[in-house]
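The values are calculated or read from the model by the stated rules, or taken from the named source; none is laboratory data. Small disclaimer: the values here were computed from a predicted structure and weren't measured. Positions of Cβ are generated from backbone atoms using ideal geometry, with glycine treated the same way; all protein chains shown enter the neighbour counts.
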């Protein structure tokens, strides 16, 4: 069983979740639809306990997109909350519904597969998700510090102006604290024609 984070780290990340919650409220959000991963669960629990926000738990991430999109037509301000894997599963809905019909939807998504997310089963997200968003012309940005969190209301208004999906990736350092352990040394460069540092005709 992995050792728990030091108390200071737990306190820092709890403060960060609280700051994100307050930033969501500052956006004027009154509806949140979610299917979170473990990084996002503390934020979802805060949203669910907030009497000013109607929280809807969904069975599939595409349902969160549909709920948040429908809310736009009622005048409600909404967000969809999910993990990176979940975002993968609903890019089709975002392209055919939101992008085609210019329906803004603001997504808070865990940034899985990042450089400091040492989970091999998350590495595909790190390599492929953002290139897919680029190909679909979905704007996205990274929230990695309390200063970034403070700009969420600004980003939310920009999303509504753009009338398209906008993704805010929440970084690991913000949600889970700094990764403990030794840094991994980069492998030695290898020449295509032989071993590392090998030179042609060096054998005698």
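Within the span defined as the stretch 32-41, one or more residues are at pLDDT 95 or above and either in a helix (DSSP H, G or I) or under 20 Å from residue 149 (Cβ atoms) (or both). You will find that of 84, 144, 150, 155, the residue that is touching a strand residue (DSSP E or B) at 6+ places or on another chain (Cβ under 9 Å) and at pLDDT 95 or above is 155 and no other.
Restricting to the stretch 122-135, name every residue that is surrounded by 15 or more Cβ atoms within 10 Å (Cβ to Cβ) and modelled with pLDDT of 90 or more. Break it down into steps so the answer makes sense when it comes.
Going residue by residue through the stretch 122-135, those that are surrounded by 15 or more Cβ atoms within 10 Å (Cβ to Cβ) are 122, 125-126, 129-130, 133.
Passing the criteria: only 133.
Under 7 Å by Cβ, and 6 or more places apart or on different chains, what pairs join a residue from the stretch 144-156 that is closer than 15 Å to residue 107 by Cβ with one that is part of a loop (DSSP other than H, G, I, E, B)? Correct list of pairs: 152/27; 156/27. Answer yes if at least one residue in the stretch 110-121 is out of contact with any strand residue (DSSP E or B) (no Cβ under 6 Å at 6 or more places or on another chain), more than 15 Å from residue 170 (Cα to Cα), at pLDDT below 95 and not in a helix (DSSP H, G or I), and no otherwise. Taking every residue of the stretch 110-121 in turn, at least one turns out to be out of contact with any strand residue (DSSP E or B) (no Cβ under 6 Å at 6 or more places or on another chain), more than 15 Å from residue 170 (Cα to Cα), at pLDDT below 95 and not in a helix (DSSP H, G or I). Of all residues in the stretch 96-112, exactly one satisfies the criterion of being without any contact (Cβ under 8 Å) to a residue 60 or more places away in the chain and surrounded by 17 or more Cβ atoms within 10 Å (Cβ to Cβ), namely 97.
Of the listed requirements (1) without any contact (Cβ under 8 Å) to a residue 12 or more places away in the chain; (2) within 23 Å of residue 22 (Cα to Cα); (3) assigned to a helix (DSSP H, G or I), residue 70 misses just one: (2). Does the stretch 67-77 include one or more residues that are closer than 10 Å to residue 34 by Cα and touching a helix residue (DSSP H, G or I) at 6+ places or on another chain (Cβ under 8 Å)? Scanning the stretch 67-77, I find no residue that is closer than 10 Å to residue 34 by Cα and touching a helix residue (DSSP H, G or I) at 6+ places or on another chain (Cβ under 8 Å), so the answer is no.
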